[in-house]
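Worksheet: one structure, shown below.
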Amino acid sequence: MELILKRIAEKTEHTIGRLSIQNEMGATYFCDTLEPPVVVDNRNKPKAIPAGRYSVVVTWSPKFKRWLPLLLHVPYREGIRIHAGNRVEDTRGCILVGQNMMPGCVFNSRKTLDALLQRLQERQEGEAIYITVID
């Protein structure tokens, strides 16, 4: 299964993207995303994850006390997850999912996350999950 995150609005305070799910017929829009800005901090590390393709596994998150997607081998980062949240303050580099109906925010995040987890669970047994992040 291939998730595609296309960043569509890179602002100084946040980044808005569109998450699609690739299938045999092409990529289908699933939801909007919210991330930190795509800038480099004072330690020369990006705040948002670098563009690229990453393996994803669904693992138990002790912090969120639930099963969540975890991106593997993200440069400069560990523990990058896809999770619920509404504002950029709710993430330290992770990807928040929802509906972008106001600048810098996503809404219906928990419902959107639950729907994403359901889609991931419905994939064929043993099928790997990847996410491609495009600037």
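Coordinate-derived values only; no laboratory data. What you are looking at is a predicted structure, and each value in this text was computed from that prediction instead of being measured. Glycine gets a Cβ as well: all are built from the backbone with ideal geometry, and neighbour counts include every protein chain shown.
Observations on the structure shown:
- Taking 0.36 nm per residue of sequence separation and removing the Cα-Cα distance, the Ile134/Leu117 pair yields an extension gain of 4.0 nm.
- Estimated vicinal HN-Hα couplings, Hz - the stretch 60-71 in sequence order (Karplus 6.51, -1.76, 1.60; Gly, Pro = x): 6, 9, x, 5, 8, 6, 6, 6, 9, x, 10, 7
- The simple spin-label model puts a point 7 Å past each Cα toward its Cβ; for Val57 and Arg110 those points are separated by 2.8 nm.
- Highest average packing first - 3-13, 80-90, 23-33, 57-67, Cβ atoms within 10 Å: 80-90, 3-13, 23-33, 57-67
- Each residue of the stretch 112-124 is assigned a 3J(HN,Hα), and the resulting list reads 5, 4, 4, 5, 5, 4, 4, 5, 5, 5, 7, 5, 5 Hz, derived from the Karplus form 6.51 cos²θ - 1.76 cosθ + 1.60 (θ = phi - 60°), x at Gly and Pro.
- 18 Å tail of the calculated P(r), the stretch 2-134, as % of Cα pairs: 50
- ³J(HN,Hα), Karplus 6.51/-1.76/1.60, whole Hz, each residue of the stretch 89-95, x for Gly, Pro: 5, 7, 9, 10, x, 7, 9
- Under 5 Å, built H, 5+ apart or other chain: amide partners of Val38: Lys11
- Residues whose placed amide H lies under 5 Å from that of Val58, excluding near-sequence neighbours: Leu70
- Exceeding the 24 Å Cα-Cα cut-off - candidates Lys65/Lys111; Lys11/Lys47; Lys47/Lys111; Lys6/Lys111: Lys47/Lys111
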